[in-house]
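A quick write-up on the structure given underneath.
The values are calculated or read from the model by the stated rules, or taken from the named source; none is laboratory data. From a predicted model like this one, the values you see are computed outputs, not experimental measurements. Positions of Cβ are generated from backbone atoms using ideal geometry, with glycine treated the same way; all protein chains shown enter the neighbour counts.
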Amino acid sequence: MTETTPPFQPQPLGDGYFQDPLSVFARMRERSPVTSVITPEGQRAWLITRYEDVRKALADPRLSKDWRKLRSPGFVPDPSVGFLMAHMLNADPPDHTRLRRLVQKAFTPGRVAALRPRIEAITGALLDAMAGGGSGGDGDAGDSPDGAIDLIAAFAFPLPMTVICELLGIPDGDREEFKTWSQVILSSTATFDEYRAAGGAMYAYFTALLADKRAAPADDLLSALITARDSGDSLDEPELLAMIFLLLVAGHETTVNLIATGTLALLTHPAEFARLRSDPSLLPGAVEELLRYANPLNHATDRYAPASLEVGGVLIPAGEPVLVVTSSANRDPARFPDPDRLDVGRDASGHVAFGHGIHYCVGAPLARLEGEIAFGSLLARFPSLSLAADPASLRWRPSSLIHGLETLPVRLS
């Protein structure tokens, strides 16, 4: 067992962390696979980086997701931002089991498969708008004089956002506001005042939306959740607000990054781009490989060690936050040979982009379907798609959690 008491010092994550986290994780995986760090937010945490340890940690009941177990006695969160932490990703059984049961039936493979025609229609409309020189969404696609457009604004963002808004029953005209709020909430560089303003804006919006849905329920997931809440099915008001937040943010953020970062991976690997375009039967497996290679998250959401525990021969002290680094696990050569090579024909099963264990992503079937439709349609419609910038010039969002580009300039022909 490795000694972790003083003079052991946590490693600060450097300025280049956001731009190239995979290199940071690769060094840790090789030299010190369970490492104490200071995150960009200034928080001390333990990073677990090897595949075997990551997979075990994701399913380890000794690691808690419920941050409330560590709070000071008498602590009362600000209601306008406290709901951001009251969702099922921050809960342990039995609360997690109860909350997950309320939504998982909306994301069964059969239910998700029935969404294919609508997702294909949304995709087609966005691609039509791109071909016609428009953004297809509510925001500016970043059109430039040389014909480049921002694929995130034009396609990668509006596709999953439209799908999750329709599924929940949220007016799609508000999606640009959600994009702004979400980016602040997930940013590692936002100030507390900015975080509180974004959380407060979400709180006000969701509260008004719930009132409207109660007055005029519809055939959507949000109305179903309200019915569960109002019929006494173990869902209180803060949990209801938190569920909307989680489904909306998680329902688009990961897929936005899958589509954008996956497209970048294909554009910088032209042989794999051509291979996938010429053989659409590879699409389901290619989505798995892109999830592995271009993991939309750097790591899973926070876990905590209520009691000291050993991981990979290292003793993590009680009360310490633990970050299980799924993107590092997906690049571990002990599990995936030649892991830094994109191979759309690879058997990428076993990747942990969606997690593992009881917190495995409930929306994974939907994200997979959206990815398959998005990549297949994009490559078929724009076979000469190309990157309109030096890959080294692209900027990544300043978020410890999210691995996502700020923009992705492309040319369609």
Query raised in the report: Would you pick out the residues in the range 205-224 that are free of Cβ contacts under 8 Å to residues at least 12 places away in the same chain and assigned to a helix (DSSP H, G or I)?
Result: 208, 211, 212, 215
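Does the range 323-341 contain at least one residue that is at positive phi, modelled with pLDDT of 95 or more and surrounded by fewer than 23 Cβ atoms within 10 Å (Cβ to Cβ)? Please lay out each step first, then the result.
Quick first cut of the range 323-341, residues at positive phi only: 338.
Cutting the leftovers down to modelled with pLDDT of 95 or more gives us 338.
Keeping just the survivors that are surrounded by fewer than 23 Cβ atoms within 10 Å (Cβ to Cβ) gives 338.
Among the residues of the range 323-341, at least one is at positive phi, modelled with pLDDT of 95 or more and surrounded by fewer than 23 Cβ atoms within 10 Å (Cβ to Cβ), which makes the answer yes.
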Report task. For the range 342-362, indicate whether the set of residues that are surrounded by fewer than 20 Cβ atoms within 10 Å (Cβ to Cβ), within 19 Å of the chain's Cα centre (by Cα) and in a helix (DSSP H, G or I) is non-empty. Result -> yes
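Could you tell me how many of the residues in the range 306-333 are farther than 25 Å from residue 268 by Cα and part of a loop (DSSP other than H, G, I, E, B)?
Going residue by residue through the range 306-333, those that are farther than 25 Å from residue 268 by Cα are 306-324.
Filter once more, so that each one left must be part of a loop (DSSP other than H, G, I, E, B): 306-308, 312-313, 317-320.
Selection size over the range 306-333: 9.
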Requested in this report: State all residues of the range 190-204 that are surrounded by 13 or more Cβ atoms within 10 Å (Cβ to Cβ) and not in a helix (DSSP H, G or I); if no residue qualifies, say none.
Outcome: 190
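Hey, among the residues in the range 116-137 that are at pLDDT below 95 and crowded, with 17+ Cβ neighbours inside 10 Å, which one's nearest to residue 360 (Cα to Cα)? Please lay out each step first, then the result.
Initial filter on the range 116-137 (at pLDDT below 95): 131-137.
Filter once more, keeping what is crowded, with 17+ Cβ neighbours inside 10 Å: 135-137.
On the way: 135: 33, 136: 32, 137: 30 Å.
Among those residues, the one meeting the criterion is 137.
Could we say that residue 228 is small (Gly, Ala, Ser), closer than 28 Å to residue 108 by Cβ and assigned to a helix (DSSP H, G or I) here? Quick ask: steps written out before the conclusion?
On the way: small (Gly, Ala, Ser): yes; closer than 28 Å to residue 108 by Cβ: yes; assigned to a helix (DSSP H, G or I): yes.
When the stated conditions are applied, residue 228 passes them.
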